[in-house]
Amino acid sequence: MKAKQLCLFILLLAFNSSFAAEVKNQVKISDVNGTVIVSLSGSEILEYKYKDVPFKPYVAKLFSPAGVNILLDSPDDHKHHHGHMFAWNVNGVNFWEETENCGVQKQQSITVPKEKSYEKKGQAEFSTKLDWIDRANKKILLKETRTIETESDEREKATIVTWKSVFSVPKDINSVTISGAHYHGLGMRFLRSMDANGDFLTSSGKAGEVFRGDERLVESSWCAYVAQADGRTITAAMFDHPLNLRPATYFTMKTPFAYLSATMRVHEKPIDLKAKDSLTVQYGIAIWDGKKDRSEIEKAYRQWLKNHTE
């Protein structure tokens with residue numbers, strides 16, 4: 001091969017390699033009939049539903065890098081369990097359950113950026129503004145700006161999601177009280193195939209205090225569930241952020257169904273939020289194919305903290 005042809009060949013090879021890397025890490029985010037869909041390299045990472053949801057917007061599907069969805073949406077035993085969702089009680093109005101007198105998280109706007117706006121490969125985010133409404137009294141109790149960020153960590157081979165909510169009180173209210181049950185917060189209902197067969201891991205190595213039956217509460221930097229999802233081993237972890245108002249207390253249970261929540265123990269100590277203040281809540285979620293041990297989860301947690309601490 002002549003020198004000129006060799007140089008051309010090398011340039012073409014470099015171009016093709018660069019193009020392949022671009023395609024491999026190409027993020028696509030779209031809004032399809034009220035569902036925000038995020039995909040990487042042609043495979044879905046997450047689906048977020050905000051239209052035709054009577055009570056609250058939520059993450060309906062969350063996929064491992066190999067394409068395994070780990071979430072269950074509105075099962076017959078608990079219709080109000082919607083995949084990956086956030087809810088509390090506000091001034092005594094229940095936003096977690098779905099009853100005649102429950103509250104409603106009503107979306108006011110959503111911002112889904114165009115693909116070309118992404119600066120980092122493999123990452124995407126969208127934000128939405130919601131009003132938490134007391135339907136009985138036709139009154140807004142809480143305002144929320146919610147940001148969902150997704151990324152695919154090639155080093156950790158994990159799907160990483162960051163959920164950040166900033167809460168404030170409407171101008172016509174002096175303060176609100178945030179309370180709720182021991183499992184209220186950022187919850188995750190797992191697939192039925194993940195019920196009973198898994199194990200919870202924590203940063204401390206402790207299982208936590210028994211609240212009732214199989215339900216436990218454990219204060220920890222992170223909590224993970226390792227289980228079989230439709231015959232494939234999955235590790236799903238939730239990360240606490242140290243800048244949250246209170247350290248995370250995780251609610252865990254695996255029978256009669258598997259559930260994980262990041263809570264702030266509002267059942268013991270409600271939060272009083274005044275009009276002049278705001279409350280920021282931020283958690284991370286990591287999904288791996290296969291079983292991860294504590295050291296591997298801790299490493300991913302530390303990296304997530306590094307990426308999300310200003």
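Quick notes on this one:
- From phi via Karplus (6.51, -1.76, 1.60), per-residue ³J(HN,Hα) for region 53-64 in Hz, x at Gly/Pro: 10, x, 10, 6, x, 6, 7, 8, 9, 9, 10, 6
- Dipole magnitude (debye, nearest 20) for region 122-251, charges at Cβ of Lys, Arg, Asp, Glu: 500 debye
- 13 Å Cα-Cα reach of Lys254 towards aspartates and glutamates, excluding residues that sit fewer than 8 places from it in its own chain: Asp195, Asp199, Asp214, Glu215
- In terms of overall dimensions, the C-alpha atoms belonging to region 169-216 reach 49, 25, 22 Å along their principal axes, ordered largest to smallest.
- Annotation for region 224-264 versus region 85-116: alpha-carbon center distance of 21 Å.
- Shape call, the chain: gyration tensor on alpha carbons, a/c limit 1.5: prolate
- Calculated diffusion of region 190-310, Stokes-Einstein form, Kirkwood radius summed over Cα pairs, 10 °C and 1.306 mPa s, µm²/s: 105 µm²/s
- 5 angstrom amide H check on Ile45, placed H, neighbours 5+ away: Val38, Ser39, Leu40
- Förster radius 25 Å - calculated FRET efficiency between Asn101 and Asp272, Cβ distance, rounded to 0.05: 0.65
- Sum of -39500 (n - 2.57) over DSSP H runs of 4+, divided by residues of the chain (222 nm, nearest 500): -4000 deg cm²/dmol
- Per-residue extension of 0.36 nm, minus the Cα-Cα distance of Asp76 and Lys306, leaves a gain of 78.8 nm for this segment.
- In order along region 193-202, the Karplus-derived 3J(HN,Hα) couplings, from 6.51 cos²θ - 1.76 cosθ + 1.60 at θ = phi - 60°, round to 5, 9, 5, 6, 8, x, 9, 8, 10, 10 Hz, and Gly and Pro are given as x.
- Extreme residue, positive dipole direction of the chain, given options His184, Thr147, Ile285 (C-beta unit charges): Thr147
- Heavy-atom accessible surface of region 123-236: percent carbon and sulfur, 1.4 Å: 45 percent
- Principal-axis analysis of the Cα atoms of the chain puts helix 3-24 at an angle of about 10° to the longest axis.
- Which of Ala262, Val36, Ser64, positive extreme of dipole for the chain (C-beta unit charges): Val36
- Computed from point charges on the beta carbon alone (+1 for Lys and Arg, -1 for Asp and Glu), the dipole magnitude for the chain about its Cα centre is near 760 Debye.
- Peptides 267-276, 224-233, 30-39 ranked from most to least packed give 224-233, 30-39, 267-276, packing being the mean of other C-beta atoms within 10 angstrom over each peptide's residues.
- Segment Phe211-Asp199, extension gain: residue separation times 0.36 nm, minus the distance between their alpha carbons: 2.6 nm
- Calculated FRET efficiency for the pair Thr255/Asp31, C-beta based, R₀ 51 Å, to 0.05: 0.85
The values are calculated or read from the model by the stated rules, or taken from the named source; none is laboratory data. What you see is a predicted model; the values in this text were computed from it and never measured. Counting neighbours? That spans all protein chains shown, and the Cβs are built from the backbone with ideal geometry, glycine included. To get the accessible areas, we keep the full protein, side chains included, count just its heavy atoms, and leave off ligands, DNA and RNA. Shrake-Rupley method; radii C 1.70, N 1.55, O 1.52, S 1.80 Å.
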